[in-house]
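A.B. asks: I'd like to ask some things about the structure below.
The values are calculated or read from the model by the stated rules, or taken from the named source; none is laboratory data. Treat the numbers as computed from the prediction; the structure is a model and nothing was measured. Cβ placement follows ideal geometry from the backbone for every residue including glycine, while neighbour counts extend to all protein chains displayed. Heavy atoms of the whole protein, side chains included, go into the accessibility calculation; ligands, DNA and RNA do not. Shrake-Rupley method; radii C 1.70, N 1.55, O 1.52, S 1.80 Å.
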Amino acid sequence: MKLPKIWWVLFLVSLVVIVPFLFPYLTLDPANSRITIIPGTIHYPLLVAHIVAAFIALLTGFFQFVDRIRLKNPRIHRFLGRIYVYSVFISGLLSLASILYAENFMKATSFLVLSFVWLFTCWKGYLTAINREFEEHRKWMIRSFGMTLVAISARLLVPILLLLYYIFHGFSLPHGMETVIGEVLNVNIWAGLILNFVVVEWAILKK
C-alpha cells in the first residue's frame, strides 16, 4: 500500500523542526547549547550523543514504513531497522542519564516517562520481529516511532500552549513572557507524549 502524501509532509515538517534544533550541537560548543549546561560534568557530551542518535532514529524510522523498501528490499528494511533499534537504545539510555541534569522535577519526570516508553516499545518491536510476529511487530514499531516523534510534536505544540496560557490568564501575561515560556517548556513534552499516544493508538485501532 502506497504511503499517503501526509506521511511525506510529516517527514518534511519533522526535518524543518528538528534540523535547526540539531545544528548548534554539531558545533560541539557548549556555548551554543539551547539547554543550560552544568559545567565540569559530562552533561554536554551526553546531550549531544542523545540528540544525534535520536536524529538517526527519526530518519531511519520514517523509511521503515516505506513499502518500496519494506516489501521489495527486505534486506535494506532489516538493515535500517537495526540502525533504528540501536539508535533508539543509545538515545533512550543517554536520555535516562541526562535526567540527572534536568532543570526541574517536571522536566525530569517527563523525560523519564518518555525514555522508558520509547525503550519499551522499541524492545517489543524488536522481539516481535525476531519471533516473526509481523502483525504485532508492525503495531509496536508504530508505537515506538510515535514516541520518536514526541520531540517534533512537543515543539509544534509550544505556540498552542502559549495561546492557551494567554487565554486562561484573561488574555494577559501576569508574570512576563519569559516566565510563560519557561512554564510551557516544562509541560510541552507531556503534551506531546499524550498527543502522540492518542494518535498512535487511534491509528492502530483504525487499521
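A.B. asks: Which percent of the accessible area of the chain is formed by carbon and sulfur heavy atoms (probe 1.4 angstrom)?
C.D. replies: About 73 percent, which is the carbon plus sulfur part of the accessible surface.
A.B. asks: A further question follows. If you take P(r) over Cα pairs in 5 Å bins from 0, in percent from the coordinates, which of [x] 1, 7, 13, 18, 20, 16, 11, 7, 4, 2, 1, 0; [y] 1, 7, 16, 20, 22, 18, 11, 4, 1, 0; [z] 1, 7, 12, 16, 17, 15, 11, 7, 6, 4, 3, 2, 1, 0 do you get?
C.D. replies: [x]
A.B. asks: Excluding ligands, DNA and RNA, what is the solvent-accessible area per residue of the chain at a probe of 1.4 Å, expressed in Å²?
C.D. replies: Dividing the accessible area of the chain by its residue count gives 60 Å².
A.B. asks: Once both axes come from the Cα atoms, what is the angle between helix 158-168 and the longest principal axis of the chain, in degrees from 0 to 90, rounded to 10?
C.D. replies: The helix 158-168 is inclined about 50 degrees to the chain.
A.B. asks: Another question, if that's okay. Below 8 Å between Cα atoms, with a sequence gap of 6+, how large is the relative contact order for the chain in percent?
C.D. replies: In percent, rounded to a whole number, it is 18.
A.B. asks: Follow-up question, since we're still on this one. Add +1 for every Lys or Arg and -1 for every Asp or Glu among the other residues with Cβ under 14 Å from the Cβ of A203, and state the total.
C.D. replies: Summing Lys and Arg as +1 and Asp and Glu as -1 gives +4.
A.B. asks: Taking θ = phi - 60°, what integer Hz values does the Karplus form 6.51 cos²θ - 1.76 cosθ + 1.60 yield along segment 13-24, in sequence order, with x for Gly and Pro?
C.D. replies: 4, 4, 5, 4, 6, 8, 4, x, 6, 6, 3, x
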